[in-house]
Amino acid sequence: MSHFRFVLLVSVLFPLSSAAAEGAMRGENLLQSLPPGYKIGYQTRQGQMSISELVPSDEFVESWTSMVTTQVFHGMRIPADGFQQRLAANLSGACPGANAVKIDAGEEDGYTYALWQHVCPLNPATGKPEHFWSKTIEGNDAFYSVQFAFRHAPSERDVNLALRHLAEVRLCDSRIPGRDCPAVGPAPQN
């Protein structure tokens, strides 16, 4: 396998088929690396939504300083920019002085995506600032949202980590020529 360790969050939440366990992923899959020094802190599925939260290895989802949140809305088709705009409006209503900036949008591997930066100068619920970058992808089987957040003013290193991570987030689909999924190897041992 390449130097990337793929965490298939959709597959982590729901067991892989036997074919996938033998190395062949089926259907549409979200590919996302586990950031260095992070662990899976929480994951669940409720109805049509799956959520996974990654936190630094020495932190917990109840008290994080940085977090990667992945949401999968199964069976839903949502416009990538529309979701970001609603997210910005909700943040603005909940956080005085909040702002959002569209960084990029377009097509990647045949899927429409949008990348935005959202800032809450002081979250009333936590008393801390929150800065996050959000990538949304319109899949064929689901809608995907991945956010990389910080509960502090992020350093240049933090921003680079978040943007590199989100740039690597991709979809693949074994059913569509040219959008093939990588082979799945055994989970790395920690």
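Principal axis extents of the C-alpha atoms in the range 57-123 (largest first, rounded to whole Å): 37, 31, 22. Simple spin-label estimate for residue 76 and residue 99 gives 2.9 nm between the two label positions (7 Å along the Cα-to-Cβ direction from each Cα).
In the range 62-190, the portion of solvent-accessible area held by carbon and sulfur atoms comes to 52 percent [1.4 Å probe, whole percent, DNA, RNA and ligands not counted]. Here residue 59 and residue 167 are evaluated by their C-beta separation; at R0 = 30 Å the FRET efficiency comes out at 0.80. For the range 56-190, the solvent-accessible area with a 1.4 angstrom probe is 51 square angstrom per residue. Size descriptor for the range 104-160, Kirkwood hydrodynamic radius: 12.7 Å (Cα pairs only, one decimal). Ellipsoid fit via the Cα gyration tensor, the range 43-190: semi-axes of 26, 19, 15 Å, each the root of five times an eigenvalue, largest first.
Using only Cα coordinates, the Kirkwood hydrodynamic radius of the range 125-190 works out to 14.6 Å.
The values are calculated or read from the model by the stated rules, or taken from the named source; none is laboratory data. Just so it is clear, the structure is predicted and the values come from calculations on it, not from any experiment. Reconstructed Cβ throughout: ideal geometry from the backbone, glycine too, with neighbour counts over all protein chains shown. Just the protein is used for accessible areas: all its heavy atoms, side chains included, with ligands, DNA and RNA removed. Shrake-Rupley method; radii C 1.70, N 1.55, O 1.52, S 1.80 Å.
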